[in-house]
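Undergrad: Quick one: this structure, given as structure tokens, is what I'll be asking you about.
The values are calculated or read from the model by the stated rules, or taken from the named source; none is laboratory data. In this text, all values refer to a predicted model and were calculated from it rather than measured experimentally. Positions of Cβ are backbone-derived with ideal geometry, glycine not excepted, and every protein chain shown enters the neighbour counts.
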Amino acid sequence: MPEQVLYFDLDTYPEKSKEPLPGIYQDYEGVGATALDELMAQWGGREYGVPKTGKTILLQGRIVS
């Protein structure tokens, strides 16, 4: 079994060091800001409830080593 296993997020091992592991930075602040932008756009357009059509929004992550 390998000594170090790479994960796809920057969580830490609770039993290991508190340093983040290499992985993909998922930009949680950007996700929250985009969600708020979408909510404000719906509110400004007087749209309430679940949208009639779905929308996919992609945010770019970056690899951190």
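Undergrad: For residues that are polar (S, T, N, Q) and modelled with pLDDT under 85, scanning just the range 11-42, find the one that is nearest to the chain's Cα centre (by Cα).
TA: GLN26
Undergrad: Right, another one. Looking at the range 33-65, which of its residues are farther than 30 Å from PRO22 by Cα and assigned to a loop (DSSP other than H, G, I, E, B)?
TA: GLY45, ARG46, GLU47, TYR48, GLY49, VAL50, PRO51, LYS52, THR53, GLY54, LYS55
Undergrad: Tally the residues that are exposed (fewer than 10 other Cβ atoms within 10 Å of the Cβ), of a type outside the set (Lys, Arg) and under 13 Å from the mean Cα position of the chain (by Cα), restricting the search to the range 48-62.
TA: 3
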